[in-house]
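Visitor: Dropping a structure here in structure tokens format, bear with me for questions.
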Amino acid sequence: MTQTVFIDGAAGTTGLEIAERLAGRSEFSLVALDEARRKDADARREALNDADFVILCLPDAAAIEAVGMIGNARTKVIDASTAHRVAPGWVYGFPELNAGQRAAIAASARVSNPGCYPTGFLALVAPLVAAGILPRDARLSVNAVSGYSGGGKELIARFEAETAIGFRAYGLSLGHKHVPEMQRGADLAHPPLFAPAVVPVYRGMIVEVPLAFDAPTADAAFDALAAHYDGSPLVGVRRAEGESELLLRKDDPATDAMELIVYADAAGRQLRLVARLDNLGKGASGACVQNLNIMAGLPETAGLRL
């Protein structure tokens, strides 16, 4: 049976890429509003309430408003904003987070899509905390660079106009809105120190968590990650072997998969854990479609770019 999907905010980068992944799929029919009706409150309310699934690709305040416009218990919502990622009553939409997360997503009518940076951070850290390799009270730092498409239309326009920008650090007040979901998702007692940056590539992301231990821990960390993601169709784990560099290339293809890499010194005490993902794929649109598939009872990777 065909199910209807309304993407509220379909003209933005995330919304457009979701629509691309759903194009041609017989399981779903997209509900579309033309330019004039997209700005009409009554037309939006009708679309929000008529659709089987609603995907919100909106700023936080607008996402909260949209949820408030839904007056039935039937419509299921996936919110790609940060508005509901630690909100009561919402399930965190990272299926690989733990053994019960897929089932929770499948049973929920309200799913909050993870942030792109938290996806990489949690993929690396949450399994190690769960396995007891990292203590809950660890004080962690996370360094990350992303393609400029993650900043939306305004940042895309800036990077394409100011071509001399080579590196843009931000979040310098150390109060980035992604930190609460990182802390809660990894079950940490302290918020991680988050150092994000944007580089002049359109898409792609590298998230790194450096760790130091008193005893050799590299093997245990790799084994825990490998076991956690064993059989995952989207997340792969590998141990670095003699690599001298790690590149984020401007021509890297779009993908909804994620690669986790364990770098370690010879003693196995110093580690650099790295997640490579597409900020528009597993970090945004691909994750939305993965959650949609799960909520609709369909194959998890249908329509995704592997």
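The values are calculated or read from the model by the stated rules, or taken from the named source; none is laboratory data. As the structure is a computational prediction, the values presented were derived from the model and not from experiment. Cβ: placed from backbone, ideal geometry, glycine included. Neighbour counts: every protein chain shown.
Visitor: Read through the list (1) surrounded by fewer than 16 Cβ atoms within 10 Å (Cβ to Cβ); (2) at pLDDT 95 or above; (3) small (Gly, Ala, Ser), then give the number of the only condition that Ala41 fails.
Guide: Unmet for Ala41, out of (1) surrounded by fewer than 16 Cβ atoms within 10 Å (Cβ to Cβ); (2) at pLDDT 95 or above; (3) small (Gly, Ala, Ser): (2).
Visitor: Also: Before we move on, is Val179 buried (at least 19 other Cβ atoms within 10 Å of the Cβ), in contact with a helix residue (DSSP H, G or I) (Cβ under 8 Å, 6 or more places away or on another chain), within 27 Å of Arg158 (Cβ to Cβ) and β-branched (Val, Ile, Thr)? Write out each step before concluding.
Guide: Values: buried (at least 19 other Cβ atoms within 10 Å of the Cβ): yes; in contact with a helix residue (DSSP H, G or I) (Cβ under 8 Å, 6 or more places away or on another chain): no; within 27 Å of Arg158 (Cβ to Cβ): yes; β-branched (Val, Ile, Thr): yes.
No: the conditions fail for Val179.
Visitor: Got a sec? Which of Val67, Val31 is more than 20 Å from Cys116 (Cβ to Cβ), surrounded by 13 or more Cβ atoms within 10 Å (Cβ to Cβ) and in contact with a Phe, Trp or Tyr (Cβ under 6 Å, 6 or more places away or on another chain)?
Guide: On the way: Val67 fails: in contact with a Phe, Trp or Tyr (Cβ under 6 Å, 6 or more places away or on another chain).
Every option except Val31 fails the conditions.
Visitor: Right, something else. Anything in the range 36-59 that is touching a residue at least 40 places away in the same chain (Cβ under 8 Å) and within 18 Å of Cys116 (Cα to Cα)? List them, or say none.
Guide: Going residue by residue through the range 36-59, those that are touching a residue at least 40 places away in the same chain (Cβ under 8 Å) are 47-48, 50-58.
Ile55, Leu56, Cys57, Leu58, listed by residue number.
Visitor: Related question: Checking the conditions here, which among Ala51, Ala43, Ala47 is in contact with a Ser or Thr (Cβ under 6 Å, 6 or more places away or on another chain) and of a type in the set (A, V, I, L, M, F, W, C)? Outline the logic, then answer.
Guide: Working: Ala43 fails: in contact with a Ser or Thr (Cβ under 6 Å, 6 or more places away or on another chain); Ala47 fails: in contact with a Ser or Thr (Cβ under 6 Å, 6 or more places away or on another chain).
It is Ala51.
Visitor: Checking the conditions here, which among Leu234, Leu246, Leu193 is exposed (fewer than 15 other Cβ atoms within 10 Å of the Cβ), under 30 Å from Gln101 (Cα atoms), aliphatic (A, V, I, L, M) and touching a residue at least 12 places away in the same chain (Cβ under 8 Å)?
Guide: On the way: Leu234 fails: exposed (fewer than 15 other Cβ atoms within 10 Å of the Cβ); Leu246 fails: under 30 Å from Gln101 (Cα atoms).
The conditions single out Leu193.
Visitor: For residues that are part of a loop (DSSP other than H, G, I, E, B), aliphatic (A, V, I, L, M) and under 22 Å from Tyr148 (Cα atoms), tally how many sit in the range 7-41. Let's see the steps before the verdict.
Guide: Going through the range 7-41, the residues part of a loop (DSSP other than H, G, I, E, B) turn out to be 9-12, 23-27, 32-34, 39-40.
Of the ones still in play, those that are also aliphatic (A, V, I, L, M) are 10-11, 23, 32-33.
Cutting the leftovers down to under 22 Å from Tyr148 (Cα atoms) gives us 10-11.
Of the residues in that region, 2 qualify.
Visitor: Which residue pairs have Cβ atoms closer than 8 Å, lie 6 or more positions apart in sequence or on different chains, and pair a first residue in the range 148-171 that is more than 18 Å from Asp252 (Cβ to Cβ) with a second residue that is β-branched (Val, Ile, Thr) and assigned to a helix (DSSP H, G or I)?
Guide: Gly152/Thr13; Lys153/Thr13
Visitor: Within the range 205-218, does at least one residue satisfy the condition of being under 19 Å from Asp137 (Cα atoms), of a type in the set (Phe, Trp, Tyr) and surrounded by 14 or more Cβ atoms within 10 Å (Cβ to Cβ)?
Guide: Yes: one or more hits.
Visitor: Can you tell me which condition Glu259 does not meet? The list is (1) in a loop (DSSP other than H, G, I, E, B); (2) modelled with pLDDT of 95 or more; (3) out of contact with any Leu (no Cβ under 7 Å at 6 or more places or on another chain), and all the others hold.
Guide: So Glu259 meets the others, but not (1).
Visitor: Among the residues of the range 64-94, write down those that are of a type in the set (Gly, Ala, Ser) and in contact (Cβ under 8 Å) with a residue 40 or more places away in the chain.
Guide: So the first thing to find is which residues in the range 64-94 are of a type in the set (Gly, Ala, Ser), and the list is 66, 68, 71, 73, 80-81, 83, 87, 89, 93.
Within the range 64-94, Ala66, Ala80, Gly93 meet the criteria.
Visitor: I would also like to ask the following. Looking at the structure I just gave you, is Leu271 touching a Leu at 6+ places or on another chain (Cβ under 9 Å), at pLDDT below 95, more than 22 Å from Gly151 (Cα to Cα) and not in a helix (DSSP H, G or I)? Steps first, please.
Guide: Numbers: touching a Leu at 6+ places or on another chain (Cβ under 9 Å): yes; at pLDDT below 95: no; more than 22 Å from Gly151 (Cα to Cα): yes; not in a helix (DSSP H, G or I): yes.
For Leu271, the condition - touching a Leu at 6+ places or on another chain (Cβ under 9 Å), at pLDDT below 95, more than 22 Å from Gly151 (Cα to Cα) and not in a helix (DSSP H, G or I) - is not met.
Visitor: Suppose the filter is surrounded by fewer than 18 Cβ atoms within 10 Å (Cβ to Cβ), among the aliphatic types (A, V, I, L, M) and in contact (Cβ under 8 Å) with a residue 12 or more places away in the chain; does Ala123 pass it?
Guide: Considered against the rule, which asks whether it is surrounded by fewer than 18 Cβ atoms within 10 Å (Cβ to Cβ), among the aliphatic types (A, V, I, L, M) and in contact (Cβ under 8 Å) with a residue 12 or more places away in the chain, Ala123 comes out as no.
Visitor: Select from the range 164-195 the residues that are modelled with pLDDT under 95 and of a type in the set (S, T, N, Q) and list them in ascending order.
Guide: The answer is Ser173, and nothing else.
Visitor: Then there's this: Quick one: Arg25 ticks every box in (1) farther than 23 Å from Gly297 by Cα; (2) surrounded by 14 or more Cβ atoms within 10 Å (Cβ to Cβ); (3) not hydroxyl-bearing (Ser, Thr, Tyr) except a single one, so which number is it?
Guide: Evaluating Arg25 over (1) farther than 23 Å from Gly297 by Cα; (2) surrounded by 14 or more Cβ atoms within 10 Å (Cβ to Cβ); (3) not hydroxyl-bearing (Ser, Thr, Tyr) leaves (1) as the failure.
Visitor: Does Asp256 satisfy being free of Cβ contacts under 8 Å to residues at least 24 places away in the same chain and either crowded, with 16+ Cβ neighbours inside 10 Å or of a type in the set (Asp, Glu) (or both)? Walk me through it before giving the result.
Guide: Values: free of Cβ contacts under 8 Å to residues at least 24 places away in the same chain: no; either crowded, with 16+ Cβ neighbours inside 10 Å or of a type in the set (Asp, Glu) (or both): yes.
Judged against the criteria, Asp256 is not a match.
Visitor: Quick one: Lys282 ticks every box in (1) in a loop (DSSP other than H, G, I, E, B); (2) out of contact with any Phe, Trp or Tyr (no Cβ under 9 Å at 6 or more places or on another chain) except a single one, so which number is it?
Guide: For Lys282, the failing item is (1).
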